[in-house]
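Notes to accompany the following structure.
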Amino acid sequence: MANTKKPSKKVVELAAKTLNNKSASGIQKSLAASVLSQSGNAKQTGKGMEAKASKAAKSTNDTTQTLAGSVLSQSNKSR
């Protein structure tokens with residue numbers, strides 16, 4: 001089943017900036033890469049990334065929360 005949801009332009013721009021930010025954390029860069037990989041196709045978040053994003057969503061950092069939320073919105077609803 002194809003994923004019809006896509007990250008917003010604002011989130012895609014945030015993800016691109018995060019990947020280019022030398023001070024971004026490893027989890028932020030991982031989430032950003034996942035967002036960008038889902039921006040132009042029907043890919044869904046994998047099980048491992050879904051678990052990582054779920055933990056990251058509890059962060060107090062706005063960038064981390066935004067990226068994690070976008071990644072989770074692309075996840076497989078049956079999991």
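Data table
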{"item": "Dipole in debye (nearest 20) - segment 9-73, about Cα centre, beta carbon charges: Lys, Arg +1; Asp, Glu -1", "result": "80"}
{"item": "Choice from Thr18, Thr45, Thr60 with maximal GNM fluctuation in the chain (Cα, 10 Å cutoff)", "result": "Thr60"}
{"item": "Relative contact order of the chain, pairs being alpha-carbon contacts under 8 Å that are 6 or more residues apart, as %", "result": "35"}
{"item": "Coil-residue trypsin sites (Lys or Arg not before Pro) of segment 1-61, DSSP, other Cβ within 10 Å capped at 13", "result": "Lys5, Lys22, Lys43, Lys58"}
{"item": "The chain: most fluctuating residue of Gly46, Gly26, Gly69 per GNM, C-alpha cutoff 10 Å", "result": "Gly26"}
{"item": "Computed FRET value (nearest 0.05) for Glu13 with Lys55, which takes r as the C-beta separation and R₀ as 25 Å", "result": "0.55"}
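No lab work stands behind these numbers, since they all come straight from the coordinates. Small disclaimer: the values here were computed from a predicted structure and weren't measured. Methodologically, a virtual Cβ is constructed for each residue, glycine included, from the backbone with ideal geometry; neighbour enumeration extends over all protein chains shown.
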